[in-house]
Structure formats: structure tokens, C-alpha cells
Amino acid sequence: MKLGVCYYPEHWPEERWALDARLMRDLGLDLVRIGEFAWARMEPAPGQADWAWLDRAIETLTGAGLQLLLGTPTATPPAWLSRAHPDILRVDADGRSRNHGSRRHACLNNPTYRAESRRIVTAMAERYGEHPALVGWQIDNEFGGGGTARCYCDHCAAAFRAWLAARYGAIEALNEAWGAVFWSQTYADWSQIDPPDDRVDKPNPSHALDYARFCSDATAAYQQEQVDLLRRLSPGRFMTHNFMGLFRELDPFDLAASLDLATWDSYPTGNLERWGPALAPDPEGQYAPDVGHPLITGMAHALTYALKRAPFWVMEQQAGAINWGRINPGVRPGTTRLWCWHALAEGASAVVFFRWRATLFAQEQYHSGLLRHDGSPGGGLADVRRLAAERERLAAIAAHPRANRVGLLIDFADLWALELQPHRAGFDYLAHLFVYYQALARLGIGVDLVPADADLAPYTLLVAASAHLGNAALAGRLESWVRQGGQLLFGVRAGFKTPSNRVTDEPLPGVWRSLVGATIVDWQALPDGVGWPVVGEVPGLVGPAGTWVETLRTETARPLAHFQLPDGPVPALVAHERGAGRVTTLGWVPTVAQAASLLATLLVAAGIPPGPALAPGLVAARRGPYLLLLNFTDGPLAATAAGRDVTVPARDVVVLADDAVLEPPQV
């Protein structure tokens, strides 16, 4: 397992570089990422390149034995470019242009900016692309960050029209797909179509969904230009991009398709604040105050692994307090190490710490580094030293791939469609998936996130929490997979829409109906505090159904549970035998406890052995013969695993192998 650090030589006096490089190597680091925000130093003025400083920085760092990861600097165009070509600036949905002074302020569909991006990347690759210490390239930085996933400028409008013409072929096909007859939205020509910006009171959801798809595709096309250049000019180096975990506004599977490696930027305390209100407003367990929510972090790890179905890197690992949250808690010794072990447990093969030294200026002054502002050791430095001493064990575990047999189906078009029309406040696509993710974690079972086009063969249990947009091709693949013995669980809102975000005219659940063996005859959102009683034969599946309910009429399925309504019982959970497998359909949004009860039954049917018995606050993950138990609380916790009782110290990890506890090396 590689360990690295993000470094900004342009921020520090040149006489400091050699000392920093030596300290990095002495700490046990393998590689350093540089360059991703340095365009203005590379080109201080039009036609005036300055590579000498970067030449010296690279030679200083690599001369100390560090491998090099270069970032293309296209997230931060220099001021001279923004001022010479103001039309490159992004336009927000309200028609306001971004200004220079931060990052991600350029439109990726702007022809001038595309040409300038190709030019600077070409110059970098021609100069450094075959450097013997260069191992890879990071394309740009955090696509979509800072509310920049969607631009509404004239260049984007023109590109959107071309994208629609390629997608639909004829304007009549678009009108039909969008239901444009509604409110007299019918278009006679592509030129009449604009992006669905804030000048529209309520945009057509089909129009808005296609714009989300277009923006994701446009970002992937922009990235592809850099990938193509770098593959030609810097052969043999990997291509990656640093994704942002559970970021919603771009489809990471589209972006990852042409990359060699997926990476993401992990800031657990910030991501609890950013994603927690939607995913886990009432966190289960009493986690330590400086660890974030481990299951939110774990789901982001799982998504990053899913992008290439291969080991991933954490390109920016929090190593102290961050600066961008509402509350930015301190990070105590031991926590950074725990985060790194967690990343390893979920499939990471490298961790790169952000950052080497806390900056003295600008927007990130309060963001910690491995070194403090004065160059003295930061709180995370001892953790990294301890990790370096554990390198042999880390490598042994990392050599074993994830081999989970449970998958959660994920589709960003479903996510966008449900965001556009949630119908009930608080209904959230990712939060619904997260209920099942938490339930499986409670059962000690590892889970993969699975896109619609993935190979289903590795899995014996699949959960389709909200398969909202009917996908006929996936329906056929699932039918075959179930008949061969797969266990499939459908949740609510399945098959309600067509791929163009129109309601289906088929009986619900639309394209999934033959799989389900039942018809959804009624659906509704329930007010807060209202629950329907449930009675059934699944052990532990008790308590009221809330949030969203769907009543079913069985055809070839059989009921497993009923809503107990004043007019009599109505099927709420049904099972449908298909060949050697079974499809189970749940008619409400479960609590974590309800989902765990149902999944425990389905795991038995799928032939998946039970996981370890875990106290709240413990997380388990298996890598080959190794079982990792991670404690995210401030007190020791007990677990029963591999036939033995184990105590995991506070904010620490225990590794089991062959019924033995592997003691960590002493530092």
C-alpha cells in the first residue's frame, strides 16, 4: 500500500523544498502530488512560460526518492486568461457569471477554454511526460466542486442542442419523450430549446434530466481530451481524477470509464456535515466526535471502488482539522490512522494525505497539514509514521481484492429524476440506499455499489432500493440472473418512470412487473408521525411503515407481510419465485432495523454466511483471509468473530486471520 502527500512547492521558499523532501522520505512516504493549481506560476502571462521553478521542484522531490504524480492545472485558469476571454467564465442558473478569484470558474464547453486547456496540458506532457519518476496524471481537480457541475452560458446552450439532436434524431421524438405538449412546450426546431435555468418557474423534469445527463457527458468529453493527449505524450502512466465521494451532480461512472484508476478526496468530519443531514440525520451509535460517520465514509469508498471495480486511491486524506465546514473539529492522534485502515478495508491501495504543510495564506489558512504552519509536526504526523511501520501488514491485506456477494444497484439518472420530483419532502435516493447500506453493516456484511451495466455474476443478493426509471435491458439481465439463483430485493418507486422521465403507461412497477409477480395498485407519501401497522412472517420485521407506502396485488407472487388497514390487510411485502432464485418486493421505506431483519432472511436464502456480531460503533470488512474490525468510538468495544470474542480498543483496528489476532507492530 502506497503512502503519499499533496505538496505545493509554489507556496514555499525554494530553500525549504529539499528539507521537505527529506522529511517526506524519512516519514516513509512513497509519492508526492503537485501541480494541480499552479497554472499561473507555469504561465505568468500570455506567451510567457516559466517551467524552471517546476523543473527544480520536481528534481528536488524525485531526487529524494519520491515518485511523482502530476495534476493538470485546468481547475484554476490564470487571471490573464479570465480577463482576456471573459466568455470562458461559467454562468450560473440565475444568469450570473462567475468571476476570477477562486477555482472551477471556467466553462468546460467554451471553445477557447477547451483550446487553452489542451495547450497547457500538452506543454506539461511534452516537458515532463516521460520523466522516470512520473507514475501518473490527475486530470483537473474535483469536477463539479463549488456548485460548478452545470453551466448555463450560450456555449452550453449550443452544445446542449447538438447533444439533444444526436440523442433524439428528430425534434418530434424529443417532444414525445419530454411530453412537450404539456403547457404548450412543443418545439419546432432545436434552436428553440434553452438550458432549464432559473428563469423557468418549474422546468419540465424530462428537460431537466436530459440537461443533467448532458452536463455529465460534457464533463467526460472535456476530460477525454486531456486523457487522449496524455496517453500519447506520456505513455505508461496511469490516468485518474479525484472524485468527491457521494457527490451527486455528475455521473462518476461516465467520468471513470476512460480512466485507469479511480481516486477520491476523503474528509470524514466535513462529509458528515455535508452528507449527514440527508443520509443520517440521527446517526446510529455513539461515534467519537472526530471520526465523522464511518458508514458515510464507507459508502463513498464503496462507490469509488465501483467506478472501476478495482482497487482505488484516496487522493486527499484528511489528516487534521479542515477549514470548510460549519464546525471543524480537531482530529486527535489515532484518528488519521483509523481512517487509513478503513480505506484499506474497503479496497484502497494507496492513501495520499492532504496536505504536507498548512498554508499561510488565502482560502485554506485554517486547513491542517501533516506539518503545522510553522513547520512543526501536526497531529496526524505520528499516525503516518505508525502506518509506515505497518506497511508489511497493509500490503498483505491489500493484496486480497474485495469479494462481496451483496450489491446495491445505483443509477445517477434515478437519483436526478427523484431529486427533480421527490413528491415527499425528505425522500432522498441516496438516503434510501444508505438505509440498506447501514443495515448490511449492522449485520457485518460487506456490500458493493453496482451500476446498471455491471457484471452481476459475482453477486448472489442484489438490492434495488429505488429502480425508478424503467430499464428494459437491465430487466432482462436481472431476469436471467434471478433464474440462475439470484436473490433480488426491490424497494419503493420502482419502474414508475420511463428513461426520459415520463410516467409509464404500464401497470406499476412497469418493466419490473414480470419480475415482481405483483402489481402496485396504490402509492402515497405519509405525513411525519403517521405509520401503517405491518404484520408478516419475516422474523423481526415489525413496527410501522412510514414515509412512503405502496400496496400490492399479488399475481404469481405470494405475500410475506401485510399492512393492517381499517378496511382489512393489504399485501406490503411479496416474494416471487423465478427459476432457482427469488424476487422480493418491499412496499415501504424501511428503517435500518426493519431493513436488517429483512436482509438477514434474504442472506440465508442467498447462502451468504452471517457476519460477525458487532457492537454499535464497530465496522467490519473482509479482505481475503483477513477480517478487519474497526472501532469508531471513544471506548473499547467487543465483537464475536471467527469463533472468538475480541475487544477492539477505542479508535483502533484489530485484524483477525486464521482465528488469530494479529498484533500491530510497535513504533
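Just a few scattered comments:
- Report note on the peptides 247-259, 357-369: ranked by the mean count of other C-beta atoms within 10 Å, highest first, their order is 247-259, 357-369.
- The stretch 1-132, accessible area per residue, ligands and nucleic acids excluded (1.4 Å, Å²): 39
- Anisotropy class of the stretch 122-235 from Cα gyration tensor, a/c 1.5 cut: prolate
- Interchain or long-range residues, amide H under 5 Å from Phe312's placed H: Ala348, Ser349
- Label point at His400 placed 7 Å out along Cα→Cβ; residues across the stretch 587-609 whose backbone nitrogen lies under 18 Å: 608-609
- Length added when fully stretched, Gln421-Asp282, from 0.36 nm per residue minus Cα-Cα: 47.6 nm
- Taking Asp645, Asp87, Asp567, Asp428 and ordering them by how much accessible surface each has at a 1.4 Å probe, largest first, produces Asp567, Asp645, Asp87, Asp428.
- Of all accessible heavy-atom area on the chain, the percent that carbon and sulfur account for (1.4 Å): 53
- With a Förster radius of 45 Å applied to the C-beta separation of Ala605 and Ala257, the computed FRET efficiency comes to 0.85.
- Sequence-distant contacts, meaning Cα pairs under 8 Å at least 6 residues apart, place the relative contact order of the chain at 10 percent.
- Whole-Å semi-axes of the chain's equivalent ellipsoid (Cα gyration tensor): 42, 34, 20
- Candidate aspartates and glutamates for bridging to Lys2, where Cα separation is under 18 Å - those fewer than 8 sequence places away on the same chain excluded: Asp26, Asp30, Asp260, Asp265, Glu316, Glu346, Asp383, Glu390, Glu392
- Estimated distance in nm for a label pair at Glu577 and Arg483, the labels positioned 7 Å out from Cα along Cα-to-Cβ: 1.7
- Residues with amide H under 5 Å from that of Leu371, placed H, sequence gap 5 or more: Arg357, Ala358, Gly378
- Part-to-part distance (alpha-carbon centres) for the stretch 17-47 and the stretch 576-643, which is given in Å: 44
- Residue separation of Trp80 and Asp658 scaled by 0.36 nm, minus their Cα-Cα distance, works out to 201.9 nm of gained length.
- Of all aspartates and glutamates in the structure, those lying under 20 Å Cα to Cα from Lys202, and not within fewer than 8 positions of it along the same chain, are Asp92, Asp94, Glu176, Asp194, Asp210, Glu249, Asp414, Glu419, Asp428.
- Contour excess over end-to-end distance, with Cα ends at Ala93 and Asp198 and 0.36 nm allotted per residue: 37.3 nm
- With DNA, RNA and ligands ignored, accessible area of Tyr187 (1.4 Å probe; Å², nearest 10): 40
- With Cα atoms defining each centre, the stretch 308-352 and the stretch 140-197 are spaced 38 Å apart in the structure.
- Of the whole protein surface, Val530 contributes about 70 Å² of accessible area at a 1.4 Å probe radius.
- Percentage relative contact order, the stretch 134-274, counting C-alpha pairs under 8 Å, at least six apart: 32
- Sites Ala52 and Glu392, calculated FRET efficiency, Cβ-Cβ separation with R0 56 Å, nearest 0.05: 0.90
- Whole-number D in µm² s⁻¹ for the stretch 146-197, Kirkwood Cα-pair radius fed into Stokes-Einstein, 4 °C, 1.567 mPa s: 110
- Globularity index of the stretch 294-341, i.e. its alpha-carbon radius of gyration over 2.2 N^0.38 Å: 1.30
The values are calculated or read from the model by the stated rules, or taken from the named source; none is laboratory data. A quick note: this is a predicted structure, and the numbers were derived from the prediction, not measured. When we count neighbours, we look across all protein chains shown, and the Cβ atoms used for this are built from the backbone with ideal geometry, even at glycine. We work out accessible area using only protein heavy atoms, side chains counted, and drop any ligands, DNA or RNA first. Shrake-Rupley method; radii C 1.70, N 1.55, O 1.52, S 1.80 Å.
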